[in-house]
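S.K.: Could you have a look at this structure, given as structure tokens, before my questions?
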């Protein structure tokens, strides 16, 4: 306090010494907006001259004087909430005060809601304490007085207790409102922010506010079909599976199976019609085997369980280790293969049996022999597809993978002569193995990052992740140019055109990621990289930060400030959540609406932070225990909204009722703006009623 007073006096002396005449760079316009309803608003509008700025509320001790609202008398009314600024303040590091400060320029309006309890005795007076500066000097702290009485009121409100002889609301001392108790709706994230969303204050009960947990599934249905792009998501999963199948074709486990397949069908072909029929049966068998595999895995664990498993520390670390092991194998350190006895038995079964059964055994041999190369692709695909929250996603993904894998084998079974035009295994296949090794090494870091985020270890923050990816893809470019050579590689006498172009792409990708070390959003890899809040040094200020990570606290604040809530069900391992945050939320129109008109509440459903006490609930006739913060928010999403997929966005009023249909993954900015606008329109209509 002494330090703050000393600074104020020092600034006053300096300011008076350098000014030849009194300068007033700020003008206040304080009005009472009374519409005749019990809830009115006090608006404190500050207009500043060019180059001057007004400091924000609740600045750290030892800094400039914060803007404070001192209510000396409050009669016949109650203060509702805290003053809320109309715009987001600018944050910067002030060398004079040696700290990060926040300020407003040009014009800002602070809104304080009040509830009139007795219009006849209504009186509110007090002062605004503030301080203004420019780039060269600061003026001493000033105070602006205000006073409002019943003469300014249109409202006629009588006391609820007529027998009460004392004034219901009389402050015996000034009330200084500086927003200490509640987080503002548009909080400022420091440039050096490196904090995981706070979850220490999450309640250990799901019935703290029963109305907020009341199911609204039927109410959501009244708005029509949810705003989602599920068909597009299924298409993306199918395309991802199809691409994975094409990549698998180039692996050293699958490619040598093509000559074996042709040899098998040459021995069986007695007529062209039978050859075509057998080849088609072979292709369908491959699809059925992989499709059944995906459905069995999903059926055993369940889509929701797979989704939960995707952020489990043990699972992600195990998968990280497996991918690193595969990468080291592809680099030539050792060979990974299933026991020869397994494949020999299947080969003999395929030769000894006849008809459809022998073709099925041949397809199963392909699946088994190629598993050491296709396993990482299949595992990654299943985990990603399971994030859709149902069994359809894994089935579609596996169908795409199997289709891509089966088409070439089917065609070569029909036209064996095509085999002669195929390149033989050799140096080029070793190069493919090494390239896949680099890619698997990069992908392995994604799994380690998910576990790191879910448990808050902070071992693999964004800049560490990006640094490793930059190095990996730079080394890949060097390998493609022949500057790096492994033990099983052939000599590169010259660089072919395809290798040159692949090297250029790899180096360009490394260069693209470099600005990310300073906070650039890198939308192309937003689905893989950790969130921006994990970064130590961030010059990028366009990301959107959640005001609350606790549902009840966020809803209470939204109710007090009279704003609707945007509830965002997200996850540390949710790839599509990162895409939405990077490509939709950073759009200026979306960002402005979220920060100015909504209270953003982000609930991480895979947050492994333990609750202080286990919560026991009844769900579908079974007793379940919620042990982590993520368990609680996942249960909220299932029980109240009837959904378990992320991302999932829902707009709520102060009572927890929906204002619009829910919104899922869809990167259309126009659709998201329309979604937010619909919620605002319905919220304003409800407020008028």
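S.K.: Quickly run through the range 107-149 and pick out the residues that are out of contact with any strand residue (DSSP E or B) (no Cβ under 9 Å at 6 or more places or on another chain) and at pLDDT 80 or above.
M.R.: Hit for the range 107-149 is 120, nothing else.
S.K.: Tell me which residues, restricted to the range 632-669, are within 19 Å of the chain's Cα centre (by Cα) and under 22 Å from residue 683 (Cα atoms).
M.R.: The answer is 637, 648, 649, 650, 651, 662, 663, 664, 669.
S.K.: Something else: Quick one: what pairs do we get from the range 579-593, first residue at pLDDT below 85, second assigned to a helix (DSSP H, G or I), C-beta under 7 Å, 6+ apart or different chains?
M.R.: Listed by first residue and then by second, the contacts come to 582/523; 583/523.
S.K.: Do the conditions hold for residue 644, that is, is it modelled with pLDDT under 85, crowded, with 17+ Cβ neighbours inside 10 Å and farther than 18 Å from residue 552 by Cα?
M.R.: Criteria met by residue 644.
S.K.: Identify the residue in the range 307-328 that is at pLDDT 80 or above and surrounded by 19 or more Cβ atoms within 10 Å (Cβ to Cβ) and, among all such residues, is nearest to residue 528 (Cα to Cα).
M.R.: Ranking the qualifying residues of the range 307-328, first place goes to 320.
S.K.: While we're looking at this one, here's another question. Tell me the strands (runs of 3 or more DSSP E) entirely within the range 530-631 that contain at least 1 residues that are in the same structural domain as residue 655 (by TED's automatic domain parsing) and closer than 30 Å to residue 81 by Cβ.
M.R.: Of the strands (runs of 3 or more DSSP E) lying wholly inside the range 530-631, those with at least 1 residues that are in the same structural domain as residue 655 (by TED's automatic domain parsing) and closer than 30 Å to residue 81 by Cβ span 565-570, 599-604, 610-619.
S.K.: Got a sec? Which of 74, 65 is in the same structural domain as residue 148 (by TED's automatic domain parsing), modelled with pLDDT under 85 and buried (at least 19 other Cβ atoms within 10 Å of the Cβ)?
M.R.: 65
The values are calculated or read from the model by the stated rules, or taken from the named source; none is laboratory data. It should be emphasised that the depicted structure is a prediction, and the values quoted were computed from it without experimental measurement. For neighbour counting, all protein chains shown are included, and Cβ atoms are generated from backbone atoms with ideal geometry for every residue, glycine included.
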